[in-house]
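Only the coordinates and a few stated rules stand behind these numbers; no lab work does. Worth saying up front: this structure is predicted, and the values here are computed from it rather than measured. No Cβ is skipped: glycine too gets one built from the backbone with ideal geometry, and neighbour counts run over all protein chains shown.
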Ligand code: SF4
């Protein structure tokens, strides 16, 4: 059973809110094709920390292991994210349109350090892996 302290989840959600606000000037149009979540087709991968993976599991959507094995995000449902409110840093920052990509990458690096600091404060083991392997089974919403 994978658990992280409730306080750590609360800090992560507050951090996501701050990220979303700071990201506003660098957002690009998204046509919701689901292509960016099909890693096998796009030659990139979403990496998540342990706390991020646990937050994704809290959405209550059962991750699809067959999809993960095929190189797609286990939370992709058709062309839509099945856990949008709980999605990870990388999901929030990535756009097919690469305009402002450097600014978004800088935000990613800064916020990833913050996530790791939250994890360290709460004694959560440092782990950073591809979501196709690091996802955890759905947990009941707290
Ligand atoms: S969590 Fe959602 S947005 Fe992120 S890669 Fe998976 S389906 Fe895409």
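Which shape class applies to region 32-84: rounded if a/c is under 1.5, otherwise prolate when a/b exceeds b/c and oblate if not, where a ≥ b ≥ c are the square roots of the Cα gyration tensor eigenvalues?
prolate
How big is the gap, in Å, between the Cα center of region 1-62 and the Cα center of region 75-120?
Centre-to-centre (Cα) distance: 5 Å.
Largest first, please: the extent of the C-alpha atoms of the chain along each principal axis, to the nearest Å.
37, 34, 22
Quick one: if you stick a label point 7 Å off each Cα along the C-beta vector at residue 102 and residue 138, how many nm between them?
4.3
Can you show me the helix-derived [θ] at 222 nm for the chain, built from DSSP H runs with n ≥ 4 at -39,500 (n - 2.57) apiece and divided by the number of residues, rounded to the nearest 500.
-13000 deg cm²/dmol
Kindly state, to the nearest 0.05, the FRET efficiency for residue 41 paired with residue 116, given R0 = 30 Å and r defined as their beta-carbon distance.
With R0 = 30 Å, the Cβ-Cβ based efficiency is 0.50.
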